[in-house]
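S.K.: What follows is a structure written as structure tokens; I'll ask about it next.
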Amino acid sequence: MSRKHRRRNKFHRRTLPGASPGMIVPDPSSPPPVVTVMAYGPDRLAERTVANIESLQEFVGQWPVTWINIDGLGDADTIRQLGEMFKLHPLALEDVVNLHQRAKVEQYDDQIFMVVRMAHGGERLESEQVSMFLSKSFILTFQETLPGDSFEPVRQRIRAARGQIRNRGCDYLAYALMDSAIDSFFPILELLGEQVESLEEEALVHASRGTITRIHDVKHDLLTLRRAIWPAREALHALARDPCSLISNDTRIYFRDCYDHTIQLLDLLETYRELGADLRDLYVSAVSNRMNEIMKVLTIIATIFIPLSFIVGLYGMNFKYIPELEWKYGYAFVWIVMAAVVVSMLYYFHRKGWIGAAARERRWEEERAQAWNNRDKLR
């Protein structure tokens with residue numbers, strides 16, 4: 001199956017139109033859930049992979065903070081069982097398995113449901129949906145795929161008791177996870193920025209047929225990032241602004257910092273998107289300039305042969321009385337005349353800057369001026 005079809009199936013809504021709200025219809029290709037739990041307090045930590053959902057009750061309420069992470073959404077029964085155990089709203093559970101969600105925040109009676117996208121690099125940029133339930137004593141996170149995420153630094157901080165995470169509540173853990181998911185876009189965005197700059201140089205100097213394909217790939221990745229980051233800005237702004245009993249005022253300040261990170265990402269993203277949008281025009285202009293150079297060379301060659309063709313055509317006429325035909329040095333004279341014509345024309349073209357070093361210097365100056373003009377337009 002092609003990448004395009006895989007992406008289409010990934011974001012396909014699987015509930016039928018008019019279906020009962022709260023239906024849980026996971027993607028059949030999703031892996032079965034792997035449930036891990038980290039329960040901790042200031043002085044102790046428990047970390048475990050559980051096979052029985054009922055065993056989670058040993059942690060919830062017994063520890064200051066319990067983080068339950070579910071990797072894989074392929075089993076509807078497991079998701080329903082978790083929903084019944086932790087009293088999760090059916091509409092929120094439906095959004096967990098529908099992987100086309102935008103980043104958002106929804107408040108229920110004693111829980112907050114959050115959706116954020118997490119970036120994964122590779123052959124092509126992909127973003128993974130992470131669903132999160134925040135309560136006073138626990139936090140649940142649902143991820144699309146098997147283990148391998150941007151949350152590992154948070155786990156390391158919990159294990160090593162670095163910073164203040166072991167002394168704070170679930171709201172601070174929710175901030176740390178959201179911040180880790182948002183920060184996962186920075187390395188990928190920096191890599192895309194380097195690709196945009198290299199493509200700009202490639203389009204100016206040695207554009208090829210593969211250049212336009214790489215330009216479209218970068219533009220596609222930038223659009224994917226924008227779709228993931230733009231809604232996250234609104235969601236984080238709501239968490240930092242709206243009062244909520246589950247998030248303390250001290251933690252709200254940290255959510256405000258996470259919101260600032262999304263603003264920085266969007267500023268960089270819009271800059272690279274504008275540069276990427278201009279790369280196509282730059283490529284077309286460079287190809288046109290190259291074609292003009294080729295046509296110029298061909299025109300010069302044809303122009304050189306025009307007078308030569310005239311000379312040989314003149315002396316190739318079948319008239320009996322052509323004075324030079326009987327001349328002893330006529331053949332050499334014709335060659336000297338043709339050589340003089342060629343040298344004169346080449347000298348004239350060189351003085352005009354149409355060929356030679358002057359032509360290359362003029363072309364380079366024109367390309368540099370065009371590049372600076374394009375950058376000035378973007379600024």
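S.K.: What's the carbon and sulfur percent of the range 240-283's accessible surface, probe 1.4 angstrom, rounded to a whole number? Walk me through the numbers on the way to the answer.
M.R.: Values: 1050 of 2280 Å².
Taking all protein chains in place, the range 240-283 shows 46 percent carbon and sulfur surface.
S.K.: Collect residues whose amide H, placed 1.01 Å from N in the peptide plane, falls under 5 Å from the amide H of V25; neighbours closer than 5 in sequence don't count.
M.R.: Excluding prolines and chain starts, which carry no amide H, there are no hits.
S.K.: How much FRET efficiency would the formula 1/(1 + (r/R0)^6) give for K136 and E201, where r is the Cβ-Cβ distance and R0 is 56 Å, rounded to 0.05? Please list the in-between numbers first.
M.R.: On the way: r = 54 Å, r/R0 = 0.97.
Approximately 0.55, to the nearest 0.05.
S.K.: Also: Averaged per residue, what accessible surface does the range 18-102 expose to a 1.4 Å probe, in Å²?
M.R.: Here the residues of the range 18-102 average 46 Å² of exposed surface.
S.K.: Using θ = phi - 60° and the Karplus relation 6.51 cos²θ - 1.76 cosθ + 1.60, list the HN-Hα couplings for the range 322-335 in order, rounded to whole Hz, with x at every Gly or Pro.
M.R.: 10, x, 6, 5, 9, 6, 5, 9, x, 4, 5, 4, 4, 5
S.K.: Please give, to one decimal in nm, the separation of the simple spin-label points placed at R227 and R280, each 7 Å out from Cα toward the Cβ.
M.R.: 1.7 nm
S.K.: Also: With a probe of 1.4 Å, find how much accessible area the range 160-297 has per residue, and write the answer as a whole number in Å².
M.R.: Working: 6660 Å² over 138 residues.
For the range 160-297, the solvent-accessible area averages 48 Å² per residue.
S.K.: Label 7 Å along Cα→Cβ of F186; the range 236-261 residues with amide nitrogen under 17 Å?
M.R.: Output list for this probe position: 254-261.
S.K.: For the range 295-332, state which chymotrypsin sites (Phe, Trp or Tyr not before Pro) are in a DSSP loop and have at most 14 other beta carbons lying within 10 Å of their beta carbon.
M.R.: Details: sites: F305, F310, Y315, F319, Y321, W327, Y329, Y331; in loops: Y315, F319, Y321, W327, Y329.
Counting only loop positions with at most 14 other Cβ atoms within 10 Å, the chymotrypsin sites (Phe, Trp or Tyr not before Pro) in the range 295-332 are Y315, F319, Y321, W327, Y329.
S.K.: Based on the mean of other Cβ atoms within 10 Å per residue, sort peptides 129-142, 250-263 so the most packed one is first.
M.R.: Packing proxy ranking, top to bottom: 129-142, 250-263.
S.K.: Taking θ as phi - 60°, what are the ³J(HN,Hα) couplings along the range 246-259 by the Karplus curve (6.51, -1.76, 1.60), each to the nearest whole Hz, with x for Gly and Pro?
M.R.: With the stated coefficients, the range 246-259 comes to 7, 10, 6, 5, 5, 6, 4, 5, 5, 5, 5, 5, 5, 4 Hz.
S.K.: Tell me whether the range 88-193 comes out rounded, prolate or oblate; compute the Cα gyration tensor, take square roots of the eigenvalues as a ≥ b ≥ c, and use a/c under 1.5 as the rounded threshold. Write out the running numbers ahead of the final one.
M.R.: Working: a/c = 2.13, a/b = 1.13, b/c = 1.89.
The shape class here is oblate.
S.K.: Would you calculate, for the chain, the mean residue ellipticity at 222 nm contributed by helices, counting each DSSP H stretch of 4 or more residues as -39,500 (n - 2.57) and dividing by all residues, to the nearest 500? Before the final figure, lay out the partial values.
M.R.: Numbers: 10 runs with 216 residues, N = 379.
It comes out at -20000 deg cm²/dmol, rounded to the nearest 500.
S.K.: Further question on the same structure: Under the classification rounded if a/c is under 1.5, otherwise prolate if a/b is larger than b/c and oblate if not, where does the chain fall, given a ≥ b ≥ c as square roots of the Cα gyration tensor eigenvalues?
M.R.: Cα axes put the chain in the prolate bin.
S.K.: Let me ask you something else. Please report how many Lys pairs in the chain have alpha carbons closer than 29 angstrom, counting only residues at least 8 apart along the chain or sitting on separate chains.
M.R.: 12
S.K.: Also, I was wondering about something else. Could you sort the peptides 225-236, 105-116, 290-301 by per-residue average Cβ neighbour count (10 Å cutoff), highest mean leading? Intermediate results must be reported in sequence, preceding the final value.
M.R.: On the way: 225-236: 20.2, 105-116: 18.6, 290-301: 11.7.
Order by mean packing, descending: 225-236, 105-116, 290-301.
S.K.: With θ set to phi - 60° and the Karplus curve 6.51 cos²θ - 1.76 cosθ + 1.60, what are the ³J(HN,Hα) couplings of the range 300-312 in order, to the nearest whole Hz, using x for Gly and Pro?
M.R.: With coefficients 6.51, -1.76 and 1.60, one gets 5, 4, 5, 5, 5, 7, 4, x, 5, 5, 5, 5, 5 Hz.
The values are calculated or read from the model by the stated rules, or taken from the named source; none is laboratory data. What you are looking at is a predicted structure, and each value in this text was computed from that prediction instead of being measured. Note that we place each Cβ from the backbone using ideal geometry, even for glycine, and neighbour counts take in every protein chain shown. For the accessible areas, the whole protein counts, side chains as well, though only heavy atoms, and no ligand, DNA or RNA atoms are used. Shrake-Rupley method; radii C 1.70, N 1.55, O 1.52, S 1.80 Å.
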